[in-house]
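Here is the structure we will look at, set down as structure tokens.
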Amino acid sequence: MGNKSRQATETEWRIIGVSGETVDGRQISAKELEEMAAQYDPEIYGARINLEHFKFLFPQWDGGYGDVMALKTEPWEKDRSKTALLAKLSVLPALQELWDEGQKIYSSMEIMSNFADTGKAYLVGLAITDTPASLGTTANFSTAAKQAETTGTIFTNYRISETQEVENMSADQNQKPAEKPLTEAAAEGLFARLMAKFTAKEEPKTEAAEQPKEVETDGQKDEKPENQDYAAQIEALQKEYAAAAKFGELMADKYAEQGKELAQLKEDFAALKDKLEKEAFSGERKAHTGGSGAEVGW
């Protein structure tokens, strides 16, 4: 995404969570928010910014979009009986570009209720999303923020269950298949059209339609064929079947390639397992990465 050589920028304080009931029926306690604000220290455990709570294994996949630098609490201005948790964020260019495009403008907390056996809550991660569960999260998008100020709108979009959003790509019908690869969405549309051709109900014919047109030819009457466009329809069907066959070939190649990658992964895993089994156990314990135990989606 763009020029990734630019340095990270730090935001002002912005709300990432509010105590009380979430829009999907869960509860965020003020006590937890206050514990997270008091406990948070990036040098002890830093909360990274991720996309929709996905943890990427490889750096080149842009799994990290920035970091939470500091936390604090204060009464929520919309309802001062509730507590708001605010954060200062260090934002990488890839995330800023998403916000500039109006995408993933809200945040969703990852809370570990008993962090490192302290009995206190801790913020272990922060996801960017378009559907947070908490009320009042700050929109990281100037147009949306301005709209909130002028209309008095409180952004309360939410996520009941964390799901990966898949962008549906539609085929450009003005381009030939040779110029643009057939996509899955295009194939679905193709088969829908084929099914419509064979399952469409026949429309009732009028009397005029039932009578074949007559054409005078050398003094003799000649009946005009009822559907002169059969050849065109057959040609169109042949083209659509050819496109479907091409899509099938592309999918077969894709699955074959994935099979090779899976075989390589299995081979690498077997080699790593064999290596680990042969190495002597050192007794040293690696630092906890926080990969489990966190409650996500707040």
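None of the figures in this text is laboratory data; all of them are computed from the coordinates on show. Computed from a predicted model, the values in this text were never measured in an experiment.
Enumerate the calculated ³J(HN,Hα) couplings along the stretch 113-123 in order (Karplus 6.51 cos²θ - 1.76 cosθ + 1.60, θ = phi - 60°), each rounded to whole Hz, writing x wherever the residue is Gly or Pro.
5, 10, 6, 6, 6, 8, x, 10, 7, 8, 7
³J(HN,Hα) across the stretch 45-53 via Karplus (A = 6.51, B = -1.76, C = 1.60, θ = phi - 60°), whole Hz, x for Gly/Pro?
Coupling constants for the stretch 45-53: 7, x, 8, 8, 8, 10, 9, 6, 6 Hz.
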